[in-house]
Ligand code: NI
């Protein structure tokens, strides 16, 4: 396993719709393993393939940071089947360092996808897991959490990020 460099804000791959995975082959298995390794090393609670420069519909999530047992989700071609409610809570992203903002997300979601064995997986999630699933699926659709802020907030954040890019900080 190896750690992959995480793509940062400003790279066009983060704004592109990622491609469906047709065959779960050795390449995808390896990519998933490396993403898990990269996510834990960061450390982060979620990662999407575009963030490691692969335009593929693949996400990894593990909310059990600092806990003894890991609760890893690897999901291929995830789809948001249904959503309800709304919760506003702070969010960050490994591709957007040092920015945390409150984002509205559904309080409950149903997400369907397949695992590495091509077995169908359905997650009925709420709270932080619902948030993480929405955040990572957004990545696959070329959407970042800052895109979900009010235009006023988004413009402030984007100005800050532009400055950081010019200064070579990200
Ligand atoms: Ni993210």
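The values are calculated or read from the model by the stated rules, or taken from the named source; none is laboratory data. Since this is a predicted model, take the numbers as computed values, not measurements. All Cβ positions, even for glycine, are placed from backbone atoms using ideal geometry, and neighbour counts span all protein chains on display.
What number of residues within region 116-158 satisfy the criterion of being in a loop (DSSP other than H, G, I, E, B) and more than 18 Å from the chain's Cα centre (by Cα)? Of the residues in that region, 4 qualify. For region 33-47, the criterion of being touching a strand residue (DSSP E or B) at 6+ places or on another chain (Cβ under 9 Å), loosely packed, with under 13 Cβ neighbours inside 10 Å and modelled with pLDDT of 95 or more is met by none of the residues.
Any residue that is more than 16 Å from the ligand (Cβ to nearest atom) and either touching a residue at least 12 places away in the same chain (Cβ under 8 Å) or surrounded by 13 or more Cβ atoms within 10 Å (Cβ to Cβ) (or both) - is there at least one of those in region 142-151? Scanning region 142-151 turns up no residue that is more than 16 Å from the ligand (Cβ to nearest atom) and either touching a residue at least 12 places away in the same chain (Cβ under 8 Å) or surrounded by 13 or more Cβ atoms within 10 Å (Cβ to Cβ) (or both). In region 1-97, counting only strands (runs of 3 or more DSSP E) that sit wholly within it, the ones holding 1 or more residues that are away from the ligand (no atom under 14 Å from the Cβ) and out of contact with any helix residue (DSSP H, G or I) (no Cβ under 7 Å at 6 or more places or on another chain) span 73-84, 87-93. Within region 98-110, the residues that satisfy the criterion of being within 16 Å of the ligand (Cβ to nearest atom) and within 24 Å of residue 35 (Cβ to Cβ) are 98, 99, 100, 103, 105.
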